[in-house]
1. For every helix of n ≥ 4 consecutive DSSP H residues, a contribution of -39,500 (n - 2.57) applies; sum these over the chain, divide by its total residues, and give [θ] at 222 nm rounded to the nearest 500 deg cm²/dmol.
2. Which distance in nm do the two modelled labels at residue 86 and residue 20 give, with both placed 7 Å along the Cα-to-Cβ direction?
3. Does anyone have the angle between helix 79-92 and the longest principal axis of the chain? Alpha-carbon axes, 0 to 90°, nearest 10?
C-alpha cells in the first residue's frame with residue numbers, strides 16, 4: 001500500500017499593521033536580539049524574539065502608532081529605531 005503524500009503545512013503569521021494572516025515567507029520579521037537591540041531581519045534567521053509586518057511602510061507606521069511592535073517584542077522601541085526601520089523598508093521596496 002502506498003502512503004498518501006504529506007501536505008506540507010505553511011506557517012502563518014499575523015501582520016502587526018493590517019492584522020492579516022499571511023504565510024511567514026511573505027512577511028518581514030522585526031527582531032529583538034538577546035542583547036535588546038531591535039532591528040529588521042530580512043533573512044528571518046536572526047536569533048531573538050520576532051514580530052511580523054507586511055513589506056509595506058504603511059503597515060510599519062500603523063504598528064508604530066499603536067505600539068504593537070513594542071508589546072509583541074516586550075520592550076520599548078526607540079523612535080530612532082522606528083525611523084531607521086522605515087528608511088530600510090523604503091529602500092528595500
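Only the coordinates and a few stated rules stand behind these numbers; no lab work does. Everything numeric here is computed off the predicted structure, so don't read it as measured data. As a convention, Cβ positions derive from the backbone with ideal geometry for all residues, glycine included, and neighbour counts pool all protein chains shown.
1. Mean residue ellipticity at 222 nm (helix-derived): -9000 deg cm²/dmol.
2. Label at residue 86, label at residue 20, 2.2 nm between them.
3. Compared with the principal axis, the helix lies near 50 degrees.
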